[in-house]
Amino acid sequence: MENEFSIEDAIGKLWNKLDGWLDAIILKLPNFIMAVIVMILFYILARIIRKVLKNLLAKSINQKSVQEIISKMAFVIIMLLGFFVALGVLELNKVLTSILAGAGVLGLAIGLALQGTLNNTFGGLILSFMPKLRIDDFIESDGYTGFVSEINLRNIVLRQPDNNYVIIPNSNFIDGSFTNYSISERSRIAVSCGVGYESNLQEVEDLVVKLISENFPQQEGEGVEFFFTEFGDSSINFIVRFWIEMASNKHKLTATHKAVKIIKENFDNQNINIPFPIRTLDFNKNNLEVVVNNNSDKG
């Protein structure tokens, strides 16, 4: 029969195929050796560049995890470049074209699937090189305040004054705004108060400006600013603004605490009234109504 299976013919065809492969391997042996050498050279080059890049990044980026990621990315890119060069040496152009086409499709699919993650990743890279944001800076962002404890390729970690941690995605941080209290060594704060209508307003102003100036030294170009702001229900209100050394919100609270105590103590010594509302309830027995009178008294 013409279609009868022959083991001897099958073995012969297999041997011829293997023999052809062996001849091809022998012919391609120099190219294979050269490709191996290329991969070794690119590996050595990738390690050198990774080390040098890591040292350079250490001078501009405080976050070690970001340093590692960027240097590893550079290592992988160089090794991929070496792989493609090695394929070219082996004259596997068709394989190289197929790999590049597949990599393009795969990269597009991964990019669409991980769009949010990639946004955070690139945001982390941008934040790592921002001179206005460093580890241990005290910042306010998205309604949260705290010290920057970590900047990675996904988020920023803030340690709040109560020692709780807040994680803010890099994409939110990049698209939004933030205040860095650690950039400026000095900031201006304001303290509000009120005095009775019987007070001598000029004496009040002179006393408050004197107290703040003596207890909070002002530098050149700064100064204590005092303004009466309104006629309140029971007091004439004022605001005093002055400059302090401030690297975190605690410094602001400490200065405000000190200023309030100083103003209150000296107002008491000078018999300056800090009024507070007094609410009197008058009950009308006939109509069962409640009449509220707002008065003031000395605080």
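Read-outs: derived from the displayed coordinates by stated rules, not from any lab. Note that this is a predicted model, so its numbers are computed, not measured. Quick reminder, even Gly has a Cβ in these numbers, built from the backbone with ideal geometry, and neighbours come from all protein chains shown.
Among the listed pairs K59/K250; K210/K258; K59/K252, give every one whose C-alpha distance is greater than 25 Å.
K59/K250; K59/K252
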Evaluate E = 1/(1 + (r/R0)^6) for S184 and K59, where r is the Cβ-Cβ distance and R0 equals 25 Å; express this FRET efficiency to the nearest 0.05. 0.55
Sequence-distant residues sharing a close amide H with E150 (under 5 Å, placed H): V157
When all Cα-Cα pair distances of the stretch 156-285 are considered, the percent exceeding 23 Å is 50 percent
Can you bin every Cα-Cα distance in the stretch 132-180 into 10 Å intervals starting at zero and give me the percent of pairs per bin, rounded to whole numbers? 29, 65, 6
Under the rule of at least 5 residues apart or a separate chain, name every residue whose amide H is placed under 5 Å from the amide H of N273. G196
